[in-house]
1. If the requirement is being acidic (Asp, Glu), in contact (Cβ under 8 Å) with a residue 12 or more places away in the chain and in contact with a Ser or Thr (Cβ under 8 Å, 6 or more places away or on another chain), which of these qualifies: Glu42, Glu16, Glu66, Glu89?
2. Inside the range 62-72, can you point out the residues that are modelled with pLDDT of 95 or more and either of a type in the set (A, V, I, L, M, F, W, C) or surrounded by fewer than 13 Cβ atoms within 10 Å (Cβ to Cβ) (or both)?
3. From the set of residues in the range 1-31 that are basic (Lys, Arg) and outside any loop (DSSP other than H, G, I, E, B), which is nearest to Phe47 (Cα to Cα)?
4. Test of understanding: among Lys75, Lys29, Lys86, Lys40, which residue is touching a strand residue (DSSP E or B) at 6+ places or on another chain (Cβ under 7 Å), surrounded by 13 or more Cβ atoms within 10 Å (Cβ to Cβ) and not aromatic (Phe, Trp, Tyr)?
5. Return the total of residues in the range 95-115 being modelled with pLDDT of 95 or more and either buried (at least 16 other Cβ atoms within 10 Å of the Cβ) or outside any helix (DSSP H, G or I) (or both).
6. Select, from Arg56, Arg81, the only residue that is surrounded by 11 or more Cβ atoms within 10 Å (Cβ to Cβ) and in a helix (DSSP H, G or I).
Amino acid sequence: MITLDDIRRFALALPEVEEVTHFRLPSFKVRKKPFAGVEKGEATAVFSVSEEEAARAVAADSEVYEEVWRTAATKIFVGLRVDLAKVDEERVRELVENAWRNKAPKRVVAAYDAR
């Protein structure tokens, strides 16, 4: 099973990432924008991928993936919830990077890609 330590290793390998807490749970931000975090019990994590990527993942395997929406006055897409016991390391690494790319400033992503 993928653990917080795995997610931490993937996230902190990316530029300008910091680990913080969000409602007392570990979360990762790039330039103060959250892009990944584990949920209570660390059995699931939420990644701030694009709405399109989340929809594709859920359509492919709804036992593993779930779209996360925040409802207030309007519905706001948050990201993709992942059952960490049902995905492999490579998939989580991909989700971490995609979520980071989705939230990082374009020039930070460009510099990372140019390395």
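1. Glu42
2. Correct list: Ser62, Glu63, Val64, Val68, Trp69.
3. Filtering first and then ranking leaves Lys29.
4. Exactly one residue qualifies, and that residue is Lys29.
5. 13
6. Arg56
The values are calculated or read from the model by the stated rules, or taken from the named source; none is laboratory data. Bear in mind that the values here come from a model prediction, so they are computed numbers and not experimental data. We place every Cβ from the backbone using ideal geometry, glycine too, and count neighbours over all the protein chains shown.
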